[in-house]
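The values are calculated or read from the model by the stated rules, or taken from the named source; none is laboratory data. On a predicted model such as this, the values are computed, not experimentally measured, just so you know. Here Cβ is always computed from backbone atoms with ideal geometry, including for glycine, and neighbour counts include all displayed protein chains. Ligands, DNA and RNA are stripped out before the accessible areas are found, and what is left, the full protein with its side chains, is counted by its heavy atoms. Shrake-Rupley method; radii C 1.70, N 1.55, O 1.52, S 1.80 Å.
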Amino acid sequence: MSDKYAVCGNPIAHSRSPQIHSFFAKTLKDDLTYTTLLVPPGKFKETVDDFVSKGGKGLNITVPCKLEACAYADELSPYAKAAGAVNVLKFNQDGSVFGDNTDGRGFIYDLKRLNLPIRGQKVLLLGAGGAAQGLIKPVFEEQPLEVTIVNRTPQKAEKIAAECGYPLQVTGYEQLTAGYDLVVNCTSTSLRHELPPVPQEVLRHCKVAYDLMYATDEETSFVAEARSLGVPHCIDGLGMLIAQAALTYALWRGKTPDVNLSIEHFRSHA
Ligand code: NDP
């Protein structure tokens, strides 16, 4: 019988993880099943226990379950600890549960793939939600010149900066001035075709504008805005999504999918 994996969250029907992991399995000639698992409100533990009792080997975790997944794991990777959130659980044969967070490393992987290293760069993170928090450790590990975070609700950014253990700078949207090399949109504004309130001057003078959100039919609002301002490298989050999935696949299966091939495939099969 094939090994069983799934992505869980609520809502979950929109998730592209089943297609991505099935594509990985096909290209690696690996035998597994990967489905979606809807988590009813307040039923994370019951849903996961049931999945494990039926032989489930691993889960990807999405909104709003990443914090509960953190609590469910017996052991956490340093990235999951730093992010305070888990996006992948591995159910070991001895019954123990390992939790990791591959989002931030997926982001770094994508930038390296595109030949856009962070080392020595001035980085601006827009937003202070779960995704932004998950980027901080992996970004600092790349030795940037400086990293600044800005958020609509400043207290959240201040809390992350106070607790992250890195020299993360905090500012307000109104205080932002040009001079950043890499501007990363970690807000959820592109979901609603809106823009974060970053001054156009800041975006116009950066080298790389990266939106964690991805869109397959048309550009995200942030990517479109950056492109219209003449930013040389405007990137959406599809590469990050596939790279973080490849890292979870490698954690479960000990085999590494071809990320470039997969990105090409999903760009052309929107
Ligand atoms: P959260 O809900 O945890 O955080 C949302 C953030 O967006 C908060 O900082 C919030 O600010 C900010 N925000 C929302 N609306 C506005 C607005 N109108 N103006 C300014 N700021 C705003 O979401 P996540 O961190 O989990 O996800 C953020 C994005 O990253 C999503 O688009 C998600 O799809 C994407 N993502 C992509 C991944 C990938 O692999 N490509 C992986 C993970 C996430 P405030 O605190 O003030 O509310």
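Brief remarks on what is shown
- Mean ellipticity per residue at 222 nm, deg cm²/dmol - from DSSP H runs of n ≥ 4 across the chain, formula -39500 (n - 2.57): -11500 deg cm²/dmol
- Extension gain, VAL63 to ARG152, is 30.0 nm, computed as 0.36 nm per intervening residue step minus the present C-alpha separation.
- Inter-part distance where segment 29-96 and segment 111-171 are each reduced to a Cα centre, Å: 26 Å
- Shown for the chain: the carbon plus sulfur share of the solvent-accessible area, taken with all protein chains present and a 1.4 angstrom probe, equals 52%.
- A 1.4 Å probe run over the chain, with the rest of the protein chains in place, finds 47 Å² accessible per residue.
- Counted charge near GLU174, where neighbours are those whose Cβ lies closer than 13 Å (Asp, Glu -1; Lys, Arg +1): 0
- Multiplying the residue separation of SER2 and HIS233 by 0.36 nm and subtracting their alpha-carbon distance yields 79.0 nm.
- The calculated pair-distance distribution of segment 1-108 uses every alpha carbon pair, bins of 5 angstrom beginning at 0, and gives 2, 13, 23, 24, 22, 12, 3, 0 percent.
- Restriction of the GluC sites (Glu not before Pro) in segment 106-204 to DSSP coil positions whose beta-carbon has at most 14 other beta-carbons within 10 angstrom yields GLU194.
- Prolate/oblate/rounded call for segment 104-236, Cα gyration tensor, a/c under 1.5 rounded: rounded
- Amide H contacts under 5 Å for THR220, placed H, 5+ residues apart: ALA215
- Computed from backbone phi, the HN-Hα couplings of segment 6-17 come to 7, 10, 10, x, 7, x, 9, 4, 6, 4, 9, 4 Hz, rounded to whole numbers (Karplus: 6.51 cos²θ - 1.76 cosθ + 1.60, θ = phi - 60°; Gly and Pro given as x).
- Cut-off under 5 Å, modelled amide H: who pairs with THR35 long-range: TYR5, ALA6, VAL7
- Candidates SER190, LEU114, LEU247 compared by Cα position along the dipole of the chain: farthest toward the positive end lies LEU247, with charges placed on Cβ.
- Measuring between alpha carbons in the structure, the pairs from LYS81/LYS122; LYS57/LYS255; LYS45/LYS66; LYS43/LYS66 lying more than 18 angstrom apart are LYS81/LYS122.
- Size descriptor, Kirkwood hydrodynamic radius, that averages inverse alpha-carbon separations across segment 117-158, Å: 10.5 Å
- Radius of gyration and maximum dimension Dmax of the chain, Cα, Å: 18.4, 58
- Principal-axis analysis of the Cα atoms of the chain puts helix 154-163 at an angle of about 70° to the longest axis.
- 3J(HN,Hα) along segment 51-63, derived from phi through the Karplus expression 6.51 cos²θ - 1.76 cosθ + 1.60 where θ = phi - 60°, amounts to 4, 5, 5, 8, x, x, 9, x, 9, 8, 10, 10, 3 Hz, with x in place of Gly and Pro.
- HN-Hα J in Hz across segment 204-215 - Karplus 6.51, -1.76, 1.60, θ = phi - 60°, x for Gly and Pro: 4, 9, 8, 9, 10, 10, 10, 9, 5, 6, 10, 9
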